[in-house]
1. Which of the trypsin sites (Lys or Arg not before Pro) across segment 470-565 are loop residues per DSSP, with 15 or fewer other Cβ within 10 Å?
2. Return one number: the angle in degrees, 0 to 90 and rounded to the nearest 10, between the long axis of the Cα atoms of helix 560-576 and the longest principal axis of the Cα atoms of the chain.
3. Calculated from DSSP H runs of 4 or more alone, at -39500 (n - 2.57) each and per residue, what is the 222 nm mean residue ellipticity of the chain, nearest 500?
4. Compute the semi-axes of the equivalent ellipsoid of segment 486-579, taking the square root of 5 times each eigenvalue of the Cα gyration tensor, and list them largest first in whole Å.
5. Could you state, as a whole-number percent, how many of the C-alpha pairs of segment 422-481 are farther apart than 14 Å?
6. Please give the peptides 305-312, 462-469, 71-78 ranked by average Cβ packing (other Cβ atoms within 10 Å per residue), highest first, as a rough proxy for protection.
7. About the Cα centre of segment 488-579, how large is the charge dipole given +1 on each Lys and Arg Cβ and -1 on each Asp and Glu Cβ? Please answer in debye to the nearest 20.
8. Just how large is the dipole of segment 73-119 about the Cα centre, in debye to the nearest 20, putting +1 at every Lys and Arg Cβ and -1 at every Asp and Glu Cβ?
Amino acid sequence: MDPDSIVPEELVTDQFEIALADHEDRTEIYRQRFQVYAKELGQHTTNGIKSISDPIDEYNHFLVVKRRQEIVGFVSITPTGSPQLSIDKYLQRNQFQHLEWETLFELRLLTVVPSERQGPVTGLLLYGAARWLQQHDARHCIAMGRQEVMRLYRRIGFSQLGKTIHSGQVKFELMMIDRSKIDEAITRFTKVLERILPKLKWKLGFPSSRESACYHGGASIESMACDAKKVAFQKNIINADVLDAWFPPSAAVTDTLAGHLPWLVKTSPPVEAHALEQIIAEQRGLDKNAIVAGAGASDLIFRAFQSWLCRSSHVLLVAPCYGEYKYVCQHVIGCQVDQLKTSVSEAFFLNPEKLIHRLSGSSYDLVVIVNPNNPTGVFWTQDDWDHILERIPSQTRIWIDECYIDFVDSRQSMEQVASISPNLVICKSLSKCLALSGLRVGYLTTSPECTSQIRGLTPPWNISTLGQLAAAAAIKDPSYYQKRYQETHQQRRWLESKLTDIGLDVIPGTANFSLAYLPKSIDKTKFLDQCRAQHLFIRDLFPTSPELGHRAIRVATKSSSQNKYIIDIMRDSFLESRN
């Protein structure tokens, strides 16, 4: 056993489950709080209802550990933005002015039933809480730890702040942990946790340990596993969890590839994609020196960001957005990342004035905006951008991800401006909008001075011949794709109306997908499992965009017939998934 482990593996002799509490679980949690904090510890007075809850519970998240379906322990996490923390009842914030209160999370109510206090439950709860904080990019987390369990708090990385708090007959120590200590703890304990996973059901909605690469989801695609038989089965699957085009590529693409496929497969591509860049420039009315082609948007993100940024760089993301940006900045480059978060109460729209205000007097090296945004579908027009660009600091580079803009209106693209601007970059994928996802093609548009930096990081033969020829043929056939985009809008609006009819809260989209929230009466895990059992895959957004919450899903727009199946399957799955 790892001597530092907070989860002794030899004590895990029965199957445990760690999950987020649902409504029914909370009722039991409030009952157990009464038993422990009122009757056992004397922290609260007893009451006739034999249950304890408080207003903060409305904003917090409970993690529970169950054994044989019974809750044997729980811990609460209060996220940033909550109007109150439990420590506010015991101290004035001005006593700790050095704390970043606006970014502070709070861990509280670490509770284990008496019969399990010598077992692994406390450790499982603390590990689960640490992963939850890590998944939510917590900078700092504060906690009041009872002196009896201080050893475990310290072992996971909490440090004492020198303040003892008395509540009833209980003494607590005020403690805090920062992001680096959370990461260290997860790394230290992951190996032990992996050994006990066969006896643990991990149901927190994100992996038990941080992925070595950005988590993208796409279970429908992963299920193929390079197996030709499984690929053939894909025609029976509705892959609404990925944003691949529902329509086929232009006939010009398939005719070009089919006529020369054996030769194309066995022959090396050009060392550089200059011919493709020339065709893109001609079709889009751009200077070819302002274009850098790449093997999809992710390839371009990795190359460009590593060219422009270092550990001392400061980046602002308008969130939520495509997860690759935060991953590359934080975990590949290691620079400081701030997020300008949008809210569901405003349908995730960000008033441009808020961005301008945030950038005024700032020292950000890079600002990233996805337009239209994935996964929210929010879109800014050229008028919005003209207003923003004329008022931002000239030293701040703006990166606009326009991977889905053709679904909205290609005339709204800012690439013409970017081609002559030293501080504006447009990133476009040709994969989704031209139905070429399997071939991985995209490009950046920015000033020639900037493109020359990125070319130096481009490996030879970066884009396959198949990809280059397909992209060239597709981009020359805009009329075909324009008809498909119009159909996509019609089908998305129909799908959104039906999603609303069956009980989801829908954020209307602009591209080829919709963000929606499951009703609280639905058990999300059961619902997604029921859908998959009927070969429908839907994206659970929590693992990739935790700030959207646990009930957020994204549904890709598919063909008219598939959309009808989506609604039928979801309606049936609702009936099987009620809490």
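1. In loop regions of segment 470-565 (DSSP not H, G, I, E or B), the sparsely surrounded trypsin sites (Lys or Arg not before Pro) are LYS476, LYS520.
2. With both axes taken from Cα atoms, the answer is about 10 degrees.
3. Details: 19 runs with 198 residues, N = 579.
Helix contribution divided over all residues of the chain: -10000 deg cm²/dmol.
4. Numbers: eigenvalues 78, 48, 26 Å².
Calculated on Cα positions only, the semi-axes equal 20, 16, 11 Å.
5. On the way: 1094 of 1770 pairs.
Value for segment 422-481: 62 percent of Cα pairs lie more than 14 Å apart.
6. The most tightly packed comes first, giving 71-78, 462-469, 305-312.
7. Numbers: 14 positive and 10 negative charges, 28 e Å.
In debye, rounded to 20, segment 488-579 gives about 140.
8. On the way: 4 positive and 5 negative charges, 34 e Å.
Approximately 160 debye in magnitude.
The values are calculated or read from the model by the stated rules, or taken from the named source; none is laboratory data. Here the structure is a predicted model, which is why all the values come from computation and not from measurement. Every residue, glycine among them, receives a Cβ derived from its backbone with ideal geometry; neighbour counts consider all protein chains shown. Each accessible area value is taken on the protein alone, full model and side chains, heavy atoms only, with ligands, DNA and RNA left out. Shrake-Rupley method; radii C 1.70, N 1.55, O 1.52, S 1.80 Å.
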